[in-house]
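All remarks here apply to the structure that follows.
The values are calculated or read from the model by the stated rules, or taken from the named source; none is laboratory data. Owing to the predicted nature of the structure, the values given are computational and were not obtained by experimental measurement. Positions of Cβ are generated from backbone atoms using ideal geometry, with glycine treated the same way; all protein chains shown enter the neighbour counts. Just so you know, the surface numbers come from the protein's heavy atoms only, side chains and all, with ligands and any DNA or RNA stripped out. Shrake-Rupley method; radii C 1.70, N 1.55, O 1.52, S 1.80 Å.
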Amino acid sequence: MTYAVADIAPPRRRNGLFFARVEPWLYLSPAIVLLVTVLLVPLIVGISYSFRKFSAFKSEFVGLAQYQAMLSDAVLHQALWNTLWWTVASLFFQFFLGLGLALLLDKEFNGRKIVQAVVFLPWAVPTFLSGLTWAWLFNSIIGPLPHWLYALGLKAEPTNVLSDPSTAMWGPIVANVWFGVPFFAITLLAALKSIPSELHEAAAIDGASPWQRFSKVTLPFLAPTIAITVVLRTIWIATFADLIYVMTEGGPAGSTSTVPVYIYVSAFKSLDKGYASAVAVLLLVLLIAYAFVLIGIRRSLVRHV
């Protein structure tokens, strides 16, 4: 009898271990199927398109010809430079203004709830509506901003910023900063709330100045949140075409044409899906490389702390 029990028990234990390993994947299977369908399949299809040349009624395999064409594409090179300028400038102002607002809202003062609601409001406005509103504000005939800039002596005449190739990019950047500041304000404010107040009190008792408390106590606690929010926001800004296209459509003279705008124009106006897919793959590779570099820098800093 003892031998029979010992002979039957191991298969039951093996079956139990197998089910314990498979069970979590069964719960995750709906999400995995959704991610594969929505993300992985379109990614594979898009990459495959980059090796084909599309015409009105057929397509043909051209290998790396689309990627070779990008090397001599002056419009793409300008779009890459515009994307860098658009991303860095937007990210710089969004982060520091968001950090300042988070530090302000972390303090108690009269009307804080109202200020908090107003600060977070731009994040709830649809991008299309934001673009239309800012395009109206910059309009030299019906918009107030050109006349304010002229009254302050910042412009020689009340002209539309978006119509001048040398200043056109600043219009979408200002609109994007207004739209994106709440993201940093919300996430950094949540991180500030998680810092134990005892640390600031102990630092104050030890005679630390406000700047020392910020740099030695607050900033190290914010570092993980800053790293992930900067990576995410950089990717979102670099792939953000809605705001620019609504405000300028990439003009004038291509001065606001970023890589996502160029991809949209190539795919849906020039109907060159193969070349648009190749440019999209290039943008994907650049963003992945950027993410790996930033994550590597963060890990090296953590090891030295």
> Given (i) 245; (ii) 234; (iii) 275, which label gives volume of the Cα convex hull per residue in Å³ as computed from the coordinates?
Replying inline: (iii)
> With all protein chains present, how much of the accessible area of the chain (probe radius 1.4 Å) comes from carbon and sulfur, to the nearest whole percent?
Replying inline: 72
> Can you give the translational diffusion coefficient of region 43-119 in µm²/s, computed by Stokes-Einstein from the Kirkwood radius over Cα pairs at 25 °C and 0.890 mPa s?
Replying inline: 143
>> With unit charges on the beta carbons (Lys and Arg positive, Asp and Glu negative) and the dipole taken about the Cα centre of the chain, which residue among Ala135, Gly153, Thr239 sits farthest to the positive side?
In response: Thr239
> Around Gly100, what is the net charge, scoring Lys/Arg as +1 and Asp/Glu as -1 over all other residues with Cβ under 13 Å from its Cβ?
Replying inline: 0
>> Tell me which of Phe120, Thr37, Ala253 sits at the most positive position along the dipole axis of the chain, charges placed on C-beta atoms (Lys, Arg +1; Asp, Glu -1).
In response: Thr37
> If contacts are Cα pairs under 8 angstrom and at least 6 residues apart, what is the relative contact order of region 35-88 in percent?
Replying inline: 19
>> Between Ala156 and Arg21, what is 0.36 nm times their sequence separation minus the Cα-Cα distance? Round to one decimal in nm.
In response: 41.5 nm
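Would you mind counting up the charge near Gly274? Only other residues with Cβ under 14 Å from its Cβ, with Lys and Arg at +1 and Asp and Glu at -1.
On the way: positive: Arg52, Lys53, Lys58, Lys273; negative: Glu60, Asp73, Asp272.
Combined, the nearby Lys, Arg, Asp and Glu give +1.
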>> In the chain, if the dipole is taken from +1 on Lys/Arg beta carbons and -1 on Asp/Glu beta carbons about the Cα centre, which of Ala79, Ser209, Met169 is farthest to the positive end?
In response: Ser209
> Under a no-solvent Debye model with one identical scatterer per Cα of region 163-305, what's log10 I(q)/I(0) at q = 0.12, 0.14, 0.16 Å⁻¹?
Replying inline: -0.69, -0.84, -0.97
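Could you sort Val115, Val293, Val279 by their accessible area in this structure, using a 1.4 Å probe and putting the largest first? Write out the running numbers ahead of the final one.
Details: Val115 50, Val293 85, Val279 0 Å².
Largest accessible area first, the residues go Val293, Val115, Val279.
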>> With an 8 Å Cα cut-off and a minimum separation of 6 or more residues, compute the relative contact order for the chain in percent.
In response: 26
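Scanning the chain for helices, which whole DSSP H stretches are 15 Å or more long along the axis (Cα) and average -1.0 or more by Kyte-Doolittle?
On the way: long enough: 2-35 (50 Å, 0.44); 74-105 (46 Å, 1.42); 127-138 (17 Å, 1.20); 170-193 (34 Å, 1.45); 219-238 (27 Å, 1.76); 273-304 (47 Å, 1.48).
TM-like helix candidates: 2-35, 74-105, 127-138, 170-193, 219-238, 273-304.
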>> Going by Cα centres, region 43-57 and region 105-160 are how many Å apart?
In response: 41
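Filter Lys193/Lys216; Lys113/Lys193; Lys107/Lys155 down to the pairs with a C-alpha to C-alpha distance above 27 Å, please.
Working: Lys193/Lys216 17 Å; Lys113/Lys193 15 Å; Lys107/Lys155 38 Å.
From Lys193/Lys216; Lys113/Lys193; Lys107/Lys155, over 27 Å: Lys107/Lys155.
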> So which lysines pass the test for Lys53, namely a Cα distance under 18 Å, with those fewer than 8 places away in the same chain ruled out?
Replying inline: Lys269, Lys273
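Rounding to the nearest 20 debye, state how big the charge dipole of the chain is about its Cα centre with +1 on each Lys and Arg Cβ and -1 on each Asp and Glu Cβ. Don't skip to the answer; put the middle values down first.
Numbers: 20 positive and 14 negative charges, 164 e Å.
With only Lys, Arg, Asp and Glu charged at Cβ, the dipole is about 780 debye.
What number comes out for accessible area per residue over the chain if the probe is 1.4 Å? Units Å², please. Walk me through the intermediate numbers first.
On the way: 18700 Å² over 305 residues.
That works out to 61 Å² for each residue.
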> Can you give the extra length, in nm with one decimal, that the chain gains between Leu132 and Val33 once fully stretched, where that is 0.36 nm per residue apart less the Cα-Cα distance?
Replying inline: 31.9 nm
>> Going by amide H atoms built from the backbone, whose H comes under 5 Å of the H on Phe51, apart from near neighbours?
In response: none
